[in-house]
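The structure appears below as structure tokens.
The values are calculated or read from the model by the stated rules, or taken from the named source; none is laboratory data. Predicted model, so just to flag it, every value in this text is computed and none were measured. All Cβ positions, even for glycine, are placed from backbone atoms using ideal geometry, and neighbour counts span all protein chains on display.
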Amino acid sequence: MNASTHRQHHVKIVESFDLAQFELGSTTKLRVSMVGNGIGGLISLPVVILRGVEPGPVMGLTAAIHGNELNGMRVIQKVIAHVKPTRLKGTVICVPVVNVPGYLNNTRHFNDGYDLNRVMPGKRNGTNSQVYAHRFMTRIVAHLDYMIDLHTASFGRINTLYVRADMTNPDSAWMALCQQPQIVLHNTGADGTLRGAAMDRGVKSITVEVGNPNAFQSEMVDDGTTGVLNVLSRLKMIEDDEQQHPGEPVVCVSSYWMYTEVGGVLEVYPQLAARIRTGEVVACVRDIYGDLIEEYRAPEDGIIIGRATHPVNQTGSRVIHLGIEGTIDPTRPAPAAGPVDPDVPNGVD
Ligand SMILES: [Zn+2]
């Protein structure tokens, strides 16, 4: 038998774990069994537990709940390489790929066609994705005090480095600022998101959007890694000096996507993080011969959080993700993140 077949032979598969079972100052690679597949095998989550030498908080790092959003996986690998459990206070639970079937299929969605980040916290007896979500909550999230969920834009679109967080929650707010993002989008995690489900259970959480899908972008990955390490150092879990924020991020109190109303070839003009004014032309659709069919103008002043890059446009394709700047009123609850309809994600995680 070929040696590579057994390269991960030493990684133990468990159904659940108790953090006290791991040695102080140790790194443990595990697989946590999730569900059975169609040949009676196991679909299991790769997990790394960094258990420190002194008591402290439990931080969860999660990536690729959308299976094609990959920068976060590399962020987590870099954090694992950087953090020395012999000098760590508390525990870091790392899940570089949450949606294992989606990751293997190169798709955003789970392998039953549902968005795993719309079915949280799942159901004990439910559909494929609901059961998987429920087990993720009970087997991983149940251990956590804090969580950083790493995402990217979706196929055919690109994002700034931005954070979604409830900025009226003091813990989410400082975790968000530690990411040194270009933009913070102030909202609660919508129903069904991992962030929302974790916050409902008292796990202080933010969502970090680290660039573009289906790729590793090394600068974005480095910025994302710095953001995670900043949170660990602010919590005194590691001794690194926290990197100072270069400037205040732009805070958006709401956001939405503009969609095309005709089919054709789409060209979007503004760059990421550009500020645009009411009435400014942001995109056009041409017919296949190059003649202009329609222009799209900004309905109000805002900042470009994300934008389409894919020119092939069927009616109803996304154009820009427009953030609306504003000031946060700490006495008012954060707005909900757009409609919950999974097919019309108006800027939800
Ligand atoms: Zn995502």
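Can you spot a residue in the range 193-210 that is assigned to a strand (DSSP E or B), in contact with a strand residue (DSSP E or B) (Cβ under 6 Å, 6 or more places away or on another chain), more than 16 Å from the ligand (Cβ to nearest atom) and assigned by TED's automatic domain parsing to the domain that holds Arg135?
Within the range 193-210, one or more residues are assigned to a strand (DSSP E or B), in contact with a strand residue (DSSP E or B) (Cβ under 6 Å, 6 or more places away or on another chain), more than 16 Å from the ligand (Cβ to nearest atom) and assigned by TED's automatic domain parsing to the domain that holds Arg135.
If I filter the range 170-181 for residues that are of a type in the set (Phe, Trp, Tyr), buried (at least 24 other Cβ atoms within 10 Å of the Cβ) and either touching a residue at least 24 places away in the same chain (Cβ under 8 Å) or outside any strand (DSSP E or B) (or both), do I get at least one hit?
There is no residue in the range 170-181 that is of a type in the set (Phe, Trp, Tyr), buried (at least 24 other Cβ atoms within 10 Å of the Cβ) and either touching a residue at least 24 places away in the same chain (Cβ under 8 Å) or outside any strand (DSSP E or B) (or both).
Can you name every residue in the range 81-122 that is surrounded by fewer than 18 Cβ atoms within 10 Å (Cβ to Cβ) and closer than 20 Å to Phe17 by Cα?
The answer is Lys89, and nothing else.
Going through the range 115-125 one residue at a time, which ones are assigned to a loop (DSSP other than H, G, I, E, B) and within 14 Å of the ligand (Cβ to nearest atom)?
Asp115, Val119, Met120
Considering (1) touching a helix residue (DSSP H, G or I) at 6+ places or on another chain (Cβ under 9 Å); (2) of a type in the set (S, T, N, Q); (3) within 16 Å of the ligand (Cβ to nearest atom); (4) touching a residue at least 40 places away in the same chain (Cβ under 8 Å), say which one Asn128 fails and leave the rest.
So Asn128 meets the others, but not (3).
Of the residues Ile80, Ile76, which single one is within 17 Å of Gly224 (Cα to Cα) and either outside the structural domain of Val210 (by TED's automatic domain parsing) or within 16 Å of the ligand (Cβ to nearest atom) (or both)?
Within the list Ile80, Ile76, the selection yields Ile76.
For Asn68, all conditions in the list (1) surrounded by 24 or more Cβ atoms within 10 Å (Cβ to Cβ); (2) within 12 Å of the ligand (Cβ to nearest atom) hold save one; what is the number of the exception?
(1)
Would you tally the residues in the range 202-241 being hydroxyl-bearing (Ser, Thr, Tyr) and under 14 Å from the mean Cα position of the chain (by Cα)?
Qualifying residue count for the region: 3.
Looking only at residues that are among the small types (Gly, Ala, Ser) and out of contact with any Leu (no Cβ under 8 Å at 6 or more places or on another chain) in the range 258-297, which one is nearest to Val184 (Cα to Cα)?
Applying the filter and picking the extreme gives Ala273.
Hey, among the residues in the range 131-164 that are assigned to a loop (DSSP other than H, G, I, E, B) and either without any contact (Cβ under 8 Å) to a residue 40 or more places away in the chain or β-branched (Val, Ile, Thr) (or both), which one's farthest from the ligand (Cβ to nearest atom)?
Among residues in the range 131-164 that are assigned to a loop (DSSP other than H, G, I, E, B) and either without any contact (Cβ under 8 Å) to a residue 40 or more places away in the chain or β-branched (Val, Ile, Thr) (or both), the one farthest from the ligand (Cβ to nearest atom) is Ile140.
Condition first: within 30 Å of Asn313 (Cβ to Cβ) and either assigned by TED's automatic domain parsing to the domain that holds Arg31 or surrounded by 24 or more Cβ atoms within 10 Å (Cβ to Cβ) (or both). Can you find one or more residues in the range 133-148 that meet it?
no
Could you grab me the full set of residues in the range 320-349 that are modelled with pLDDT of 75 or more and either among the polar types (S, T, N, Q) or within 16 Å of the ligand (Cβ to nearest atom) (or both)?
Once the filter is applied, which keeps residues that are modelled with pLDDT of 75 or more and either among the polar types (S, T, N, Q) or within 16 Å of the ligand (Cβ to nearest atom) (or both), the range 320-349 yields His321, Thr327, Thr331.
Rundown of residues vs (1) farther than 19 Å from Val98 by Cα; (2) exposed (fewer than 10 other Cβ atoms within 10 Å of the Cβ); (3) hydrophobic (A, V, I, L, M, F, W, C); (4) not assigned by TED's automatic domain parsing to the domain that holds Leu104, yes/no style:
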residue: Phe17; (1), (2), (3), (4): no, no, yes, no
residue: Phe22; (1), (2), (3), (4): yes, no, yes, no
residue: Ser26; (1), (2), (3), (4): yes, no, no, no
residue: Lys29; (1), (2), (3), (4): no, no, no, no
residue: Val32; (1), (2), (3), (4): no, no, yes, no
residue: Ile39; (1), (2), (3), (4): yes, yes, yes, no
residue: Leu42; (1), (2), (3), (4): no, no, yes, no
residue: Pro46; (1), (2), (3), (4): no, no, no, no
residue: Ile49; (1), (2), (3), (4): no, no, yes, no
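Taking the range 258-279, which residues are modelled with pLDDT under 95 and either within 23 Å of Ala336 (Cα to Cα) or part of a strand (DSSP E or B) (or both)?
Of everything in the range 258-279, just one residue is modelled with pLDDT under 95 and either within 23 Å of Ala336 (Cα to Cα) or part of a strand (DSSP E or B) (or both), namely Ala273.
Residue-by-condition table, conditions (1) free of Cβ contacts under 8 Å to residues at least 12 places away in the same chain; (2) more than 24 Å from the chain's Cα centre (by Cα):
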site: Phe17; (1), (2): no, yes
site: Gln21; (1), (2): yes, yes
site: Gly38; (1), (2): yes, yes
site: Leu45; (1), (2): no, no
site: Glu54; (1), (2): no, yes
site: Asn71; (1), (2): no, no
site: Arg87; (1), (2): no, yes
